[in-house]
Amino acid sequence: MPLAFGALGIVYGDIGTSPLYAFRESFEHADLEVSQANAYGVASVVFWSLIVIISFKYLLLVMRADNHGEGGILALTALLMPARGLPVGTKRVVIALGVFGTALLYGDGLITPAISVLSAVEGFEVATTAFEAWVIPVSVVILIVLFAVQRRGTETISRVFGPVMVVWFGVLGVLGLGQIIDNTGVLRAVSPTYGIELFVNEPAKAFLALGSIFLVVTGGEALYADMGHFGRRPIQVSWYALVLPALLLNYFGQAALLGSSPGGEVGNPFFRMAPSWAVVPLAVLATMATVIASQALISGAFSLTAQAVQLDYLPRLAIHHTSSMHIGQIYVPLVNWLLMIGCVGLVIGFQTSSNLAAAYGIAVTATMAITTLLFYRVVRDRWHWSTPKALAVIVPLFLIDLAFLAANIPKIPDGGWLPLLVGFVLVIQMTTWRRGRATVAQILQRGQRRTEQVIAAAEAEGVVTVDGTAIYMFKDPGSAPPALISNLRHNHVRHETTVVLSVIASQAPRIDPGARVAVTSVRSGVFQIVITFGYMDDHDVLAELRQVHLHGRPLDVDEATFFIGRETVSSIPEGEMPRWREELFVVLNRGSASAARFYNLPSNQVFEVGTQVDI
């Protein structure tokens, strides 16, 4: 049981490391005076934020909106797409919101490892001021090592995740409990009146503090996204049995510490709760916990990228599977190194976790608000709630999201612009790629003919049939691939076994292995094979083809020749998109991995046929 709780503790990494900086930032960012009333007020808002946002919104409501067991904003968006009767305009808004929310999550994934590691290493400064000059170099080294080992996968290192996270959450609780025993009056902060009084007495400062208090719930989206790995029930059990009690004890302990020393300096209440002899071990444990939290977010970025690629929101990228046992354990080199450069740059540029906290929160608050809007469509279109019932539940949650979002807006000039910039750049890239791919597909479909018509015309012209198996890959089932047309036109030959293969990404996260492959006989010796993968499935085309039998005989994949179409795209003045977007799409298309590499086809069996497309 401890190992199970600990493994699930990885999911709470973002929330579990927020006690390092969230409570301190609530005072420093808002310039709140250290007093018992303010400390209890902040603790009250923290308490109800965890209850309403995490316990109620995500664990009780949003996690019920799973896409065949998978969660996350892309899964939520995909869940809404098959909804019948949804107006075209509404579908476009849903897609736009989902894409924007996804892009903002990359901004969160960029900042979280940097602020988590930096805040943990800063704990050594509490033990000795001599370490101050080493905070940045040590943080940079930790981040570089963390990203360097990603290519080895998380299977081995995950064995120590459980025990470390059990110890971490246990220590969080023990540290806070010691302070609460010395000042039991802090437990009165459970009452929402203390939070209300904070806003009544110091409305402006309380509003600014809300932007930092939000840091305690930034992991809500990560919980939802990781639901497919653990399941809703285990996440709920571990939350109430381990994580929530530990977090509340720690936050109330920090409030008790600050409340008992009015007029003093905020300092770092997290490390001040520990005895002097325990500061260094605590800083070591905090660093380990933040590395684990960062690992979870990096893996989440890999998973998010894979989903976006399968759903055709990003170009095909090199994706490596690091485990033979777990499909979800993947490594995306380009994303890994871009994240590393970004995280190291943030540490060097912002210098302290307090400075970096100014950039943190705005992206996640926006994503959470988008999730609430999409969830409203789910309860109306999928669960068929009445409008009054849906509004009664969703409106209060959305207003809370908006309050947190508004409280984070003042951070924009001090660094909050960074995740927004990352988000907007990715939105432009994702929408340009999506629209460009649709434009290319429309151009290729002009004058397109059915496969049986092309084969019949070739046979009528006396095309020669040769031994062997040819597999032509083309996205549109039933239509003749340009590579097949070129081969018949220029070489005047057809292989004895000719297969037109279409690989389709479903809106569902996973497709049952027995339902992935559909085989249709087009003409004698000519077959159409359609393989449907979920966007979370491993697209192992060769493995699926090896299970195919044509007229009672297995398809000879190892001796087949794969014909792959490769479009060379160029921009023209009278194109389908604005010129700058066309040029961007051309660059993205050149950097996209070929279908042969993406599907891991044997290079010595692949024949690429180029097609010029002007957009």
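None of the figures in this text is laboratory data; all of them are computed from the coordinates on show. For clarity, every value in this text was computed on a predicted model and none was experimentally measured. For neighbour counting, all protein chains shown are included, and Cβ atoms are generated from backbone atoms with ideal geometry for every residue, glycine included.
I'd like the FRET efficiency for E459 and L421, computed as 1/(1 + (r/R0)^6) with the beta carbon distance as r and R0 of 60 Å, rounded to 0.05.
In this case the efficiency is close to 0.55.
Rounded to the nearest 5, what is the percent of antiparallel bridges among the DSSP beta bridges in the chain?
Rounded to the nearest five, the antiparallel share is 30 percent.
Using amide H atoms built 1.01 Å from N in the peptide plane, name the residues 5+ places from V606, or on other chains, whose amide H lies under 5 Å from its own.
Those qualifying (amide H under 5 Å, at least 5 residues apart or on another chain) are F562.
Using θ = phi - 60° and the Karplus relation 6.51 cos²θ - 1.76 cosθ + 1.60, list the HN-Hα couplings for region 377-391 in order, rounded to whole Hz, with x at every Gly or Pro.
Computed from phi, the couplings for region 377-391 are 5, 5, 5, 7, 8, 9, 9, 6, 5, 5, 4, x, 5, 4, 5 Hz.
May I ask you to order 243-254, 547-558 by the average number of other C-beta atoms within 10 Å around their residues, highest value first?
Highest mean packing first, the order is 243-254, 547-558.
Arrange the peptides 463-470, 409-416 so that the one whose residues have, on average, the most other Cβ atoms within 10 Å appears first.
409-416, 463-470
Lysines near K205 by alpha-carbon distance under 21 Å, same-chain residues fewer than 8 away left out - which ones?
K411
Relative contact order, percent, of region 360-483 when contacts are C-alpha pairs under 8 Å separated by at least 6 residues?
25 percent
By how many degrees, 0 to 90 and rounded to 10, does the Cα axis of helix 579-591 deviate from the longest principal axis of the chain?
Taking Cα atoms only, the helix is inclined about 80 degrees.
In whole Hz, what ³J(HN,Hα) sequence does region 262-279 give by Karplus (6.51, -1.76, 1.60; θ = phi - 60°), x for Gly and Pro?
With the stated coefficients, region 262-279 comes to x, x, x, 7, 5, x, 10, x, 4, 6, 5, 5, 8, x, 4, 5, 9, 5 Hz.
Using amide H atoms built 1.01 Å from N in the peptide plane, name the residues 5+ places from R494, or on other chains, whose amide H lies under 5 Å from its own.
Residues meeting the criterion, in which the H sits 1.01 Å from N, are V464, T465, V466.
Quick one: length gained pulling V200 to I572 fully straight, 0.36 nm per residue minus the C-alpha distance?
Fully extending the segment from V200 to I572 adds 127.8 nm.
To the nearest 10 degrees, how steeply does helix 203-213 sit against the main Cα axis of the chain, on a 0 to 90 scale?
So the helix axis and the longest Cα principal axis differ by about 50 degrees.
Using Cα-Cα distances under 8 Å and only pairs 6 or more residues apart, what relative contact order does the chain have, in percent?
20 percent
Using 0.36 nm times the number of residues separating A96 and R151, minus their current alpha carbon distance, what extension gain do you get?
Result: 16.6 nm gained on full extension.
If amide hydrogens are placed 1.01 Å from N in the peptide plane, which non-local residues have theirs closer than 5 Å to the one on G565?
Hits under the 5 Å cutoff: M473, V609.
Select from region 171-265 those GluC sites (Glu not before Pro) which occupy a DSSP coil region and have at most 12 other Cβ atoms within 10 Å, ordered by residue number.
Passing both the DSSP loop test and the Cβ count: E265.
How large is the helix-only mean residue ellipticity at 222 nm for the chain, computed as the sum of -39500 (n - 2.57) over DSSP H runs with n ≥ 4, divided by its residue count, in deg cm²/dmol to the nearest 500?
Result for the chain, helices only: -17500 deg cm²/dmol.
Which chymotrypsin sites (Phe, Trp or Tyr not before Pro) from region 346-422 combine a DSSP loop assignment with at most 14 other Cβ atoms within 10 Å?
Counting only loop positions with at most 14 other Cβ atoms within 10 Å, the chymotrypsin sites (Phe, Trp or Tyr not before Pro) in region 346-422 are W383.
How many angstrom lie between the C-alpha centres of region 237-315 and region 440-493?
The two parts, judged by their Cα centres, are 58 Å apart.
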